């Protein structure tokens with residue numbers, strides 16, 4: 001089962017994904033390629049954003065305490 005953090009905004013979720021990619025020195029941050037994130041935010045039916053954080057090494061204690069495995073993703077029909 002995957003582990004997720006929920007964010008109120010896309011920008012906050014993307015910032016966490018960017019921080020992880022930077023910490024791991026993915027190719028984008030080396031100027032050698034396009035790989036920048038190991039996961040990308042996905043919209044939930046609640047209007048929040050979920051970021052899969054399996055394997056993330058930059059999680060704080062607070063973030064670890066807020067991990068959830070229960071998420072319901074929006075479908076194309078949910079988006080107006």
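No value in this document is a laboratory result; all are computed from the given coordinates. All values derive from a computational prediction rather than experimental measurement. No Cβ is skipped: glycine too gets one built from the backbone with ideal geometry, and neighbour counts run over all protein chains shown.
Distance between the modelled labels on residue 34 and residue 77, one decimal in nanometres: 3.2 nm (7 Å Cα→Cβ projection). Of 11, 20, 43, the residue with the greatest mean-square motion in the GNM of the chain, using alpha carbon springs below 10 Å, is 11.
Residues 57, 71, ranked from the fewest to the most other C-beta atoms within 10 Å, line up as 57, 71.
Within the listed set 65, 15, 50, the residue fluctuating most in the Gaussian network model of the chain (springs between alpha-carbon atoms under 10 angstrom) is 65.
Helix-only arithmetic for the chain: the sum of -39500 (n - 2.57) across DSSP H runs with n ≥ 4, divided by the residue total, places the mean residue ellipticity at 222 nm at -7500 deg cm²/dmol. Taking 68, 45, 58 as the candidate residues, the one with maximal mean-square fluctuation in a Gaussian network model of the chain, Cα springs under 10 Å, is 45. Could you tell me which of rounded, prolate or oblate describes segment 30-69, using a ≥ b ≥ c as the square roots of the eigenvalues of the alpha-carbon gyration tensor, with rounded for a/c under 1.5 and, failing that, prolate when a/b is larger than b/c and oblate otherwise? In terms of gyration-tensor shape, oblate. A viscosity of 1.306 mPa s and a temperature of 10 °C, combined with the Kirkwood radius over C-alpha pairs in the Stokes-Einstein formula, give segment 4-78 a diffusion coefficient of 123 µm²/s.
Among 35, 70, the order by Cβ neighbours within 10 angstrom, fewest to most, reads 70, 35.
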